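The values are calculated or read from the model by the stated rules, or taken from the named source; none is laboratory data. Please read all numbers here as calculations on a predicted model, not as lab measurements. FYI the Cβ positions are ideal-geometry reconstructions off the backbone, even for glycines, and counts take in every protein chain you see. For accessibility, only protein heavy atoms count, side chains too; no ligands or nucleic acids. Shrake-Rupley method; radii C 1.70, N 1.55, O 1.52, S 1.80 Å.
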Amino acid sequence: SILNRAFYGVPDLSNAEGFHTNAIYGFLNIMFKILDEEEPEYLAVAFDVHEPTFRHNIYKEYKGTRKPMPEELREQVPVMKEVLKAMGIQTVEKPGLEADDILGTLAKRSEKEGMEVSLISGDRDLLQIASSHIKIRIPKTKGGRTEIEDYYAEDVEKRYRVNPLQFIDLKALMGDTADNIPGVPKVGEKTATELMVRFGSLEGIYEHIEEVPKKSVRESLAANRELADLSRILATIKVDSDIDFSYEDAKIRNFYTEEAYQIFLRLGFKNMLSRFEKKENENKQTEYFKTVTDFGEAEELFQRLRQLGKGERAAFEILEDGREAEDFAGMALAFGEKEIYFLKPEGFLKKEYMLDRLAEAVGNADGVQFVTFDIKNKYEYIRTDKTERLFDILIASYLLNPLKNDYEPEDIAAEYLGLTIPGKAQRFGKTSFRKAAEENEREIMEYACFLVYVEWMAAPLLMDKLVQIGMERLMTEIEMPLSYILYDMEKEGIRVKPDELRAYGEALNGRIGELEEGIHQKAGSDFNINSPKQLGEILFEKMQIPGGKKTKTGYSTAADVLDKLAPDYPIVEEILEYRGLAKLKSTYAEGLAAYIGDEDRIHSTFNQTITATGRISSTEPNLQNIPMRMELGRLIRKVFVPKDGFVFTDADYSQIELRVLAHMSGDAQLIEAYKMDEDIHRITASKVFHTPFEEVTDLQRRNAKAVNFGIVYGISSFGLSQDLSISRKEAAEYIEQYFATYPEVKKFLDKQVEDAKKNGYVTTMFGRRRPVPELSSSNFMQRSFGERVAMNSPIQGTAADIIKIAMIKVWKRLKKEGLKSKLILQVHDELLIETAENEAEKVKEILGEEMKAAADLSVTLEVDMHTGRNWYEAK
């Protein structure tokens, strides 16, 4: 019952392999919480056996089979048992007995042994077991938070006005659908309680049935005596079951074993790992760690680093929280499994010396592999763009499992080396490296040495796996070179005009004020537009606008609800505009100002290991999410300007995903449509709606465009009907006609789903894998999502690969030509170059040539290019 309640109470969680873990996570949280409170001597966990018990058989005779357990919960039960076994916790189960019977029997047996007992369950039937020495603890989990209700015998009487034994009859009367107890019709908790208080028992009620005041209840009791007796049997917990049980086996020992630690890592329960102490294998490895403070010894190590030969490898790590000298806590080097060194800054062994020597070694050692974690943050130190010498275990791990976006060195150690090591947060919390080094020199040394040890050991294993599944070139020719380009883009940043940003914010304020006034006027009263509750009451109660969806907290005013109403109700249209502008104001007009640095430039962070499809994302601030639908949203681009003597050149792939679809599907009609070099949406409309090209209406073109792009994303007839405000039947016909026009597209998409079901993943043209665990879900919505992922990931992922290749080609060409112009921004299918005015034509030539040559498709890659004095003009 705890697993069941945790499954429904804890938000859906999955580990890196897509295995559902929320029930296990919730169970462990409850167990740890209670163990911390109780500090007991013994612990046992009871399980139902999934075969008929006497209650199942009775219930089946009465009302058929019980509702089956969801597959996502069922698959967690054996893993839960595996976890408990690894922790040395005794589990008890017996055919023919339910967990409640086992708990009831053990509780009463232990009470007789003179023990104080806490019985933890989500099932209130167990309140019948409560006594002065048996406490029933009922956890309630909601939104990941757990509260526990405690009941001794006196607490049961206070809450239900019956004693624990009477509670059996109370449950028999009122029933409990969750526990499959039918109860007596028309007898709820209030009536059942009044009857029990007055007559004392089920027998007493039937002996005095004529005294039951309410006619309908009296008649129901009389007609359902057999059902009442059946419910009593179902509600009664056995307390004398024949169970083999050893208190010695149940004695609490050390839960935090190495085996349990590995399972916790596998399940992704990182925040529970702090309960585990350092493991024996960790302490064993530390024998080979050495701290170096002597300048001469350090020089020998760097000399050795410089003299590494072709095919050899070394790992390096730098511990630094900031860029100032005082933020530097040291460097670690690994030359082999037993040659691991921590260079501590002391005396002549200073930060500048160490970083200079490291950069010199990496910059001049052809054929040597230098391994680290998160290379993008190391380029400033090693000062080289020769990525063929570098290997990032973070990028490699991400490629092998793109569904997990928070890989840390300790995760890689566990997954690929079977090694348990505490991570940075576990060792130091929020303490800086420098402060940690001052407080515990040994701890900082071990942490740094373990990093390079893991890097040195994991690199060949990761590379072997990449080679094995065909992603070696993706790693070496795309992702590693890209890591340097992203670093370079971050370093360059993009210039903004603070004055224009302020002016833009004022313009937004003006329009927001106008909209607020107009909305209040149309509503006939002032109210808080940002309050969904007040807004819902105004629209759907006061103004009586139809289409309101009532929820527990009021009417829904979500975008999908308001979007449908906007065309017919001007107030709704203004509310949507108000929301959009309010978001622009907070996110951009106010939000961007916080990121303006030296020379009025903003330095965004480009994330390479976040998205499952391989797309690059941007954070702090997110410059890839600049709104384009509203004119006021587009105008934010005016505040982004090039430095003096430069202009912006913007190049954007035209319909890259549709072109990728044409190539990957091999559909002759779609390929021919692109080769005609005409408006693809008008061509599709002409073919789908059987209309001459010249006679296609704007509406037909718009609908064809929605179908074109919708197909790429695996759109359903329902989704298309919502987008186009047409019936599902019409939408289904559009999709059917589209597939009849381009039959190979349908075959291609179906094959992606079929392959994903068979293999568990889909791949891009360049070999990038995207696992699709959702396809094995028992939940229809999850499976449907998985099918859409299987359809669109190869297309989106291929497009992402192509833009990455284009970035590498353009960046290298700009460098090779010795130009001052720099690639500074990537937004999905768009590249932005800060272009020296006298290099504008050359930059356009480079963009056109290199972007078109990024992939060899059966249709040409077309690029739209514009130049401007700000990003708005260039776009």
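Selection of segment 722-748 for residues being polar (S, T, N, Q), assigned to a helix (DSSP H, G or I) and surrounded by fewer than 19 Cβ atoms within 10 Å (Cβ to Cβ) yields Q722, Q737.
Of the residues making up segment 168-183, those that are open to solvent by less than 10 Å² (accessible area, probe 1.4 Å) and touching a Phe, Trp or Tyr at 6+ places or on another chain (Cβ under 7 Å) number 1. The residues listed here are R473, R442; of these, the one that is part of a helix (DSSP H, G or I) and touching a residue at least 12 places away in the same chain (Cβ under 8 Å) is R473. If the condition is being more than 30 Å from the chain's Cα centre (by Cα) and among the hydrophobic types (A, V, I, L, M, F, W, C), then segment 732-761 contributes A732, I735, F739, A740, V745.
Restricting the first member to segment 790-818 and to residues that are touching a residue at least 24 places away in the same chain (Cβ under 8 Å) and part of a helix (DSSP H, G or I), and the second to residues that are hydroxyl-bearing (S, T, Y) and open to solvent by 30 Å² or more (accessible area, probe 1.4 Å), the beta-carbon pairs closer than 7 Å and six or more apart or on different chains are N792/Y713; P794/T763. Restricting S821, S776, S784 to residues that are among the hydroxyl-bearing types (S, T, Y), at pLDDT 95 or above and farther than 15 Å from E657 by Cα narrows the list to S821.
State whether the residues of segment 730-738 include one that is of a type outside the set (S, T, Y) and farther than 21 Å from T691 by Cα. Within segment 730-738, not a single residue is of a type outside the set (S, T, Y) and farther than 21 Å from T691 by Cα.
Against the definition (of a type in the set (K, R), closer than 27 Å to S654 by Cβ, assigned to a helix (DSSP H, G or I) and open to solvent by 80 Å² or more (accessible area, probe 1.4 Å)), how does K751 come out, yes or no? Spelling it out, K751 is indeed of a type in the set (K, R), closer than 27 Å to S654 by Cβ, assigned to a helix (DSSP H, G or I) and open to solvent by 80 Å² or more (accessible area, probe 1.4 Å).
Okay, residues lined up against (1) in contact with a strand residue (DSSP E or B) (Cβ under 7 Å, 6 or more places away or on another chain); (2) part of a strand (DSSP E or B); (3) open to solvent by 10 Å² or more (accessible area, probe 1.4 Å):
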| residue | (1), (2), (3) |
| --- | --- |
| M354 | yes, no, no |
| R357 | no, no, yes |
| E360 | no, no, yes |
| D366 | no, no, yes |
| V371 | yes, yes, no |
| Y381 | yes, no, yes |
| D385 | no, no, yes |
| F391 | yes, yes, no |
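Picking from residues in segment 824-838 that are more than 21 Å from L482 (Cβ to Cβ) and open to solvent by 20 Å² or more (accessible area, probe 1.4 Å), the one that is farthest from the chain's Cα centre (by Cα) is N838.
Per the conditions (1) charged (D, E, K, R); (2) open to solvent by 20 Å² or more (accessible area, probe 1.4 Å); (3) within 26 Å of the chain's Cα centre (by Cα), the sole criterion not satisfied by E441 is (3). Within segment 860-875, the set of residues being aliphatic (A, V, I, L, M) and open to solvent by less than 10 Å² (accessible area, probe 1.4 Å) comprises L861, A874.
Table: residues versus (1) more than 27 Å from S432 (Cα to Cα); (2) crowded, with 19+ Cβ neighbours inside 10 Å; (3) among the polar types (S, T, N, Q).
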residue: V452; (1), (2), (3): no, yes, no
residue: E479; (1), (2), (3): yes, yes, no
residue: Y484; (1), (2), (3): no, yes, no
residue: E490; (1), (2), (3): no, no, no
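Among the residues making up segment 846-869, those that are touching a Leu at 6+ places or on another chain (Cβ under 7 Å) and outside any helix (DSSP H, G or I) are A854, A855, V863, M865.
K404 falls short of the stated requirement of being under 29 Å from E326 (Cα atoms), in a loop (DSSP other than H, G, I, E, B) and basic (K, R). All conditions but one from (1) open to solvent by less than 60 Å² (accessible area, probe 1.4 Å); (2) more than 23 Å from E116 (Cα to Cα) apply to Y151; the one that does not is (2). Taken over segment 310-329, residues that are surrounded by fewer than 20 Cβ atoms within 10 Å (Cβ to Cβ), over 16 Å from K350 (Cα atoms) and among the hydrophobic types (A, V, I, L, M, F, W, C) amount to 0. Selection within segment 17-49: residues that are at pLDDT below 80 and in contact with a helix residue (DSSP H, G or I) (Cβ under 8 Å, 6 or more places away or on another chain). The member of this set that is surrounded by the most Cβ atoms within 10 Å (Cβ to Cβ) is G18.
What are the residues in segment 688-714 that are outside any helix (DSSP H, G or I) and open to solvent by 40 Å² or more (accessible area, probe 1.4 Å), if any? Passing the criteria: F689, H690, P692, T697, Y713.
Counting the residues of segment 754-780 that are open to solvent by less than 40 Å² (accessible area, probe 1.4 Å) and hydrophobic (A, V, I, L, M, F, W, C) gives 4. Note on segment 577-601: residues that are open to solvent by 30 Å² or more (accessible area, probe 1.4 Å), more than 28 Å from the chain's Cα centre (by Cα) and closer than 29 Å to S721 by Cβ total 1.
All told, D563 falls short of being over 29 Å from the mean Cα position of the chain (by Cα) and either of a type in the set (K, R) or open to solvent by 20 Å² or more (accessible area, probe 1.4 Å) (or both). For segment 515-601, which helices (runs of 4 or more DSSP H) that fit wholly inside it have 1 or more residues that are modelled with pLDDT under 90, touching a Phe, Trp or Tyr at 6+ places or on another chain (Cβ under 6 Å) and on the phi < 0 side of the Ramachandran plot? Where helices (runs of 4 or more DSSP H) fall fully within segment 515-601 and carry at least 1 residues being modelled with pLDDT under 90, touching a Phe, Trp or Tyr at 6+ places or on another chain (Cβ under 6 Å) and on the phi < 0 side of the Ramachandran plot, they are 532-537. Go through (1) in contact (Cβ under 8 Å) with a residue 12 or more places away in the chain; (2) over 30 Å from D650 (Cβ atoms); (3) of a type in the set (K, R) one by one and return the number of the condition K550 breaks. Here K550 clears every test but (1).
Any idea which residue in segment 246-264 is nearest to V92 (Cα to Cα), counting only those that are open to solvent by less than 40 Å² (accessible area, probe 1.4 Å) and among the aliphatic types (A, V, I, L, M)? Looking at the filtered set, the residue picked out is A250. Restricting attention to segment 417-431 and to residues that are outside any loop (DSSP other than H, G, I, E, B) and not charged (D, E, K, R), the residue that is nearest to E258 (Cα to Cα) turns out to be L417.
For segment 394-413, the candidate set comprises residues that are open to solvent by less than 20 Å² (accessible area, probe 1.4 Å) and more than 23 Å from V772 (Cα to Cα); within that set, the residue that is modelled with the highest pLDDT is P409. Reported count of residues in segment 708-731, each being among the aliphatic types (A, V, I, L, M) and over 29 Å from the mean Cα position of the chain (by Cα), is 3. Of the residues screened, A332 is not one that is closer than 27 Å to I421 by Cβ, outside any strand (DSSP E or B) and open to solvent by less than 10 Å² (accessible area, probe 1.4 Å).
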